[in-house]
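Read through the structure below, which is laid out as structure tokens, and then see the notes.
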Amino acid sequence: MDAEDARIAAGEGVDAIVVFNHGGRQLDGAPAVIRILPNIVEAVAGESEVLFDGGITSGQSLLKTLALGARAGLIGQAFLYGLGAMGQAGVAKAIEVIRKELDVSMGLTARHDVQSISREILLQRNGQPYGAR
């Protein structure tokens with residue numbers, strides 16, 4: 001959750017950094033991990049992979065994390081929902097749903113592969129992030 005810590009870790013040669021705030025349970029009032037993600041990506045400057053773990057439960061939320069620079073999104077929450085509902089078949093179903101939603105979301109943003117996902121898909125025509133005033 002700290003850009004300077006991420007920079008130091010990357011400088012020490014770590015392969016990957018997971019950006020995660022434990023759902024805020026341990027850190028009451030911690031910022032949303034999605035807001036911290038771009039700072040971490042910028043701090044490591046490609047020296048380490050950045051993985052995002054912030055409650056991804058849909059292909060749309062995965063697309064947003066990729067657009068903000070994460071190399072991948074971890075889906076523990078969706079995995080556990082599927083496991084609890086239907087066991088192994090539920091896990092497979094959760095992965096398939098996220099994959100299909102990501103595919104549709106990429107199509108709606110005119111992206112055909114994950115390497116082409118960039119921050120610009122999150123901007124309105126006026127260049128401001130969606131939801132900005």
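The values are calculated or read from the model by the stated rules, or taken from the named source; none is laboratory data. The shown structure was predicted, so the numbers you read here are calculated from the model rather than taken from an experiment. For neighbour counting, all protein chains shown are included, and Cβ atoms are generated from backbone atoms with ideal geometry for every residue, glycine included.
Tabulated data for the structure shown
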| quantity | calculated |
| --- | --- |
| Selection status of A78, without any contact (Cβ under 8 Å) to a residue 40 or more places away in the chain and surrounded by fewer than 17 Cβ atoms within 10 Å (Cβ to Cβ) | no |
| Residues that are crowded, with 20+ Cβ neighbours inside 10 Å and within 20 Å of R111 (Cβ to Cβ), drawn from segment 51-66 | F52, I56, S61, L62, L63, K64, T65, L66 |
| Unique residue being within 24 Å of I36 (Cβ to Cβ), at pLDDT 95 or above, charged (D, E, K, R) and surrounded by 14 or more Cβ atoms within 10 Å (Cβ to Cβ) when the list is R119, R71 | R71 |
| Test: residue in segment 89-111 that is among the acidic types (D, E), without any contact (Cβ under 8 Å) to a residue 60 or more places away in the chain and not in a helix (DSSP H, G or I) | no |
| Yes/no for G59 being under 15 Å from the mean Cα position of the chain (by Cα) and of a type in the set (G, A, S) | yes |
| Test: residue in segment 93-112 that is within 21 Å of G54 (Cβ to Cβ) and in contact with a Lys or Arg (Cβ under 6 Å, 6 or more places away or on another chain) | no |
| Residue within segment 86-104 that is surrounded by 16 or more Cβ atoms within 10 Å (Cβ to Cβ) and within 14 Å of the chain's Cα centre (by Cα) present | yes |
